[in-house]
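Step one of this worksheet: look at the structure below.
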Amino acid sequence: MEEDRFRKKIGWFRLCCCIMVIWSHAGNVELFLGKLEQGHPLMLLEYKIVPAVIRISIPCFLMMSGYQFFRGFTMKELPGKWKRRVKTLLIPYLVWNLLYYFGYLIANQVDFLKDIVNKPDISFSMEQIVEAAVFYRYNPIFWFMYQLILLVVLAPCLYLFLSKVWSGCLFLAVVLIGIFGENALPHLNFDALFYYSMAGFWALHGRKAVEGQWTWRRAVLGAALLILGIFIGMPYYTRSFPPAILAYYTLAIFGLWLMVDERHLARQRLWMEYTFFIYAFHFIPVRFFNKVLADWLWGSELAAGALYLGMPVLTAAACCLAASILKRLPWAWRILNGGRKAGAFARVKG
């Protein structure tokens, strides 16, 4: 696969994951209709059917991040990769967490906004500032970023195991044992460690297989992996068996990657560079649209369902509008968009 096609494919996968993340926070049944029975059509749609598909987004983000970090990796490249991720991960993470904290702090003083933000326990103190900045207390959607930062810090340790096939397989097996045993690590999630490391393993030892040019044989194999993943994942929903969902997500992501023909993907559009900003900012318009429209159209099942289904488009449009304004301040935009420059897509190193 040519480099441009690889990056275009990553860009489209990242955009699709971003849309799914918006959807995962768009649930509005309680806001519009109050408490409903679990079997109500809207409850099934918003909390059973759609989530079964869209929750693949964060594992996919983690796998893409792990693959790109370890793609062609050697220890000589570590300082450069860490330096780039200070700009693309650490600084945006801290800035966004503080923006959410101070934004909620200010909004909590305004009667109209107080009900929307719903943060009665927030107060100004150094302890809360530290918790907000470091531990994403008021920006829970950044739990994924926190995991990613920890994994980037641990990358040289991971490389020691993943650099060899035998030690990499052994390491992944140990992680799987931890997941099966429902064990826990301090701060780091076992499943995040597995997705990131699994992708890193393939970047180091299976790059030819992952980045091979699309063929019908690859597509059929991808479809088989996707179907197998769905089948294996069923025990998670019937018996709440966590390893099953891990297998489902992993196989489904590999399957979808093999199925998509990169040759026929449309070229990346300018607004597709906003994916980090959309991920970081989307919760604000989602919350605003749901709260305001629920107060206005309380009791309407049609409004609740229509807003839920249309939320990704509505929120993405609001984010793009905000981005077009912020891009007039290039220094601020680079920080808020994860170090990505305004303008056309730039080639970003792994």
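The values are calculated or read from the model by the stated rules, or taken from the named source; none is laboratory data. Bear in mind the structure is a predicted one, so any value in this text is a computation, not a measurement. Neighbour counts run over all protein chains shown; Cβ positions are idealised from the backbone, glycine included. Calculation scope for accessible area: heavy atoms of the full protein, side chains included, ligands and nucleic acids excluded. Shrake-Rupley method; radii C 1.70, N 1.55, O 1.52, S 1.80 Å.
Per residue, the chain exposes 52 Å² of accessible surface when a 1.4 Å probe is rolled over the protein heavy atoms with every protein chain present. Here the spin labels are modelled as points 7 Å beyond Cα on the Cα-Cβ line, and at residue 241 and residue 44 they lie 2.4 nm apart. Where is the GNM fluctuation largest for the chain (alpha-carbon springs, 10 angstrom cutoff): 126, 43, 145? Evaluated over the chain, the most mobile residue of the options is 126.
What fraction, in whole percent, of alpha-carbon pairs in the chain exceed 28 Å separation? Taking all Cα-Cα pairs of the chain, the fraction more than 28 Å apart is 48 percent.
So how strong a dipole does the range 1-92 carry about its Cα centre when Lys and Arg Cβ are +1 and Asp and Glu Cβ are -1, to the nearest 20 debye?
620
The stretch between residue 176 and residue 6 holds 58.3 nm of extra length on full extension. This uses 0.36 nm per residue minus the Cα-Cα distance. Note on the chain: dipole from Cβ charges, positive end direction compared against 215, 90, 60; the farthest Cα belongs to 215. Relative protection proxy for 132-141, 276-285, 168-177, from highest mean packing down: 276-285, 132-141, 168-177 (other beta-carbon atoms within 10 angstrom).
Remind me, relative contact order of the chain in percent, using alpha carbon pairs under 8 angstrom and six or more residues apart? About 28 percent, as a whole number.
For residue 241, the residues 5 or more places off, or on other chains, whose built amide H falls under 5 Å of its own are 236. Under the simplified labelling scheme, the residue 131-residue 184 pair shows an inter-label distance of 1.7 nm, with each label point 7 Å from Cα along Cα→Cβ. Placing +1 on the Cβ of every Lys and Arg and -1 on the Cβ of every Asp and Glu, with no other charges, gives the chain a dipole of roughly 1620 debye about its Cα centre.
What does the extension gain come out to for residue 223 and residue 295, with contour length at 0.36 nm per residue minus their alpha carbon separation?
Contour length minus Cα-Cα distance gives 21.5 nm.
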